[in-house]
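These notes concern the structure reproduced below.
The values are calculated or read from the model by the stated rules, or taken from the named source; none is laboratory data. Everything quoted here is computed from the prediction, not taken from an experiment. Heads up, the Cβs are rebuilt from the backbone with ideal geometry, glycines too, and the neighbour counts pull from every protein chain shown.
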Amino acid sequence: MQIPDHDSILNKYSEKSDDELLLLASEDEGLTVEAKQLLAAELAKRQLGQAERQEYAEHIAKAEEIEAKRRSELSFHYPLYGLLTSLFHRKSKKRLKSDDRVTDYKQLLTKFKG
């Protein structure tokens with residue numbers, strides 16, 4: 001496995017959107033020390049400080065809360081949906097996205113066959 005060099009990491013970070021950088025910063029435990037330093041430099045260059053990181057983290061937490069509530073409500077109103085999605089999540093690498101609106105089990109089965 002080849003370790004990326006300084007310039008390639010810098011180029012990757014400069015090509016990412018602000019949201020992508022903020023997400024990466026929130027999950028930086030797998031990054032090398034150099035990668036963390038370069039990420040911090042790119043965030044500073046874009047003037048994305050601690051306040052923006054906190055706002056992004058709150059936004060993500062709120063979105064996850066809304067999605068969990070939506071799935072919970074669907075599971076309550078459509079028990080078969082809840083059963084199928086829980087089985088699906090255990091057996092498949094495919095995931096439902098927040099824009100995937102599935103209201104009946106036939107739609108769920110056809111959407112993720114294969």
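Restricting attention to segment 20-75, the residues that are assigned to a helix (DSSP H, G or I), under 30 Å from D7 (Cα atoms) and not aliphatic (A, V, I, L, M) add up to 16. In segment 43-98, the residue that is modelled with the lowest pLDDT out of those that are polar (S, T, N, Q) and closer than 20 Å to L23 by Cα is S98. Contact map, segment 54-73: residues that are assigned by TED's automatic domain parsing to the domain that holds E27 and polar (S, T, N, Q) paired with residues that are at pLDDT below 90 and outside any helix (DSSP H, G or I), Cβ distance under 9 Å, separation 6+ or inter-chain. No pairs are found.
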